[in-house]
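Trainee: Pasting a structure here, questions to come.
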C-alpha cells in the first residue's frame, strides 16, 4: 500500500494485541481474572489512542498496529475517529516492530512513531516533542525508554 501523503507525514502507531480475554495482560492473572485483564487493556488502548488523537492532523495519522491479523472487529467502537488499523507481521516483538516500521515507510510516511499500549498516562507533550525532534534538521531516531527496561515509543525517520 502506498498512500498519497503530504510532506513530513508521520504515522503514530500503538503496538497492540487485540483486547481479548486470555490473550492480553496475562501476567496480571491471577491478581485479575482474564476478563478484567482484557478490560484493563481496553482502557489502556483508549487512553493511549485518545492522547494520540489530540496530535493528529493532515500530516500526522493515528494507527493501531495489531496482532493477530484477522481480528479487526475487536477494535470496533474502541478507537478515536480517523484511526486506522495495520496488521502486525513477524514472529516476535522485534520482528513486528521492524515490519511495522517498514510497512509505514513503504506506505509513504516520512516518519514513524511506534508506541507501546501500556502507557495510559503518556503525556501528549512527550509525543509532540519527539515528533518535533524527528522532523527537525538533525532528527533521525527518537527512543523513549520505559523504567521497566522496555520502551514507550520508538520513532524512525525515512
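No value in this document is a laboratory result; all are computed from the given coordinates. The shown structure was predicted, so the numbers you read here are calculated from the model rather than taken from an experiment. In this analysis, Cβ positions are derived from the backbone assuming ideal geometry, glycine residues included, and neighbour counts consider all displayed protein chains.
Trainee: Rounded to the nearest 500, what is the chain's calculated 222 nm mean residue ellipticity when only DSSP H runs of at least 4 contribute -39500 (n - 2.57) each, over all residues?
Mentor: The helix-only estimate for the chain comes to -9500 deg cm²/dmol at 222 nm.
Trainee: How high is the relative contact order of segment 10-157? Use alpha-carbon pairs under 8 Å, at least six apart in sequence, and give a whole percent.
Mentor: The value is 27 percent.
Trainee: Right, next: With label points built 7 Å along Cα→Cβ from the Cα atoms of residue 121 and residue 53, find their separation and express it in nm.
Mentor: 2.2
Trainee: Now for a different question. Once you place label points 7 Å from the Cα toward the Cβ at residue 5 and residue 132, how far apart are they in nm?
Mentor: 2.2
Trainee: Something else: If you restrict to DSSP beta bridges whose two residues both lie in segment 10-157, what percentage is antiparallel, to the nearest 5?
Mentor: Bridges in segment 10-157 that DSSP calls antiparallel: roughly 35 percent.
Trainee: Also: Could you tell me the center-to-center distance, by alpha carbons, between segment 8-47 and segment 69-87 in angstrom?
Mentor: Using only Cα atoms, the two centres lie 13 Å from each other.
Trainee: Just to confirm the number: angle between the C-alpha axis of helix 124-135 and the first principal axis of the chain, 0 to 90 degrees, nearest 10?
Mentor: In the chain, helix 124-135 runs at an angle near 40 degrees to the longest axis.
Trainee: Could you give the nm distance between label points at residue 106 and residue 84, where each point is 7 Å from its Cα heading toward the beta carbon?
Mentor: Label-label distance for residue 106 and residue 84, simple model: 1.4 nm.
Trainee: Also, I was wondering about something else. If packing is taken as the average number of other Cβ atoms within 10 Å across a peptide's residues, how do 118-125, 76-83, 105-112 rank, most packed first?
Mentor: 105-112, 118-125, 76-83
Trainee: Does anything in segment 3-25 have its amide N under 17 Å from the 7 Å Cα→Cβ label point of residue 76, and if so which residues?
Mentor: Backbone N within reach: 18-21.
Trainee: I need 132, 61, 99, 2 ordered by Cβ neighbour count within 10 Å, fewest first.
Mentor: 2, 132, 99, 61
Trainee: Please label the shape of segment 1-138 as rounded, prolate or oblate, based on the square roots a ≥ b ≥ c of the eigenvalues of the alpha-carbon gyration tensor (a/c under 1.5 means rounded; beyond that, a/b larger than b/c means prolate, else oblate).
Mentor: prolate
Trainee: Provide the gained length on full extension for the span residue 148 to residue 28, in nm with one decimal, where the gain is 0.36 nm per separating residue minus the Cα-Cα distance.
Mentor: The span from residue 148 to residue 28 would gain 41.7 nm if fully extended.
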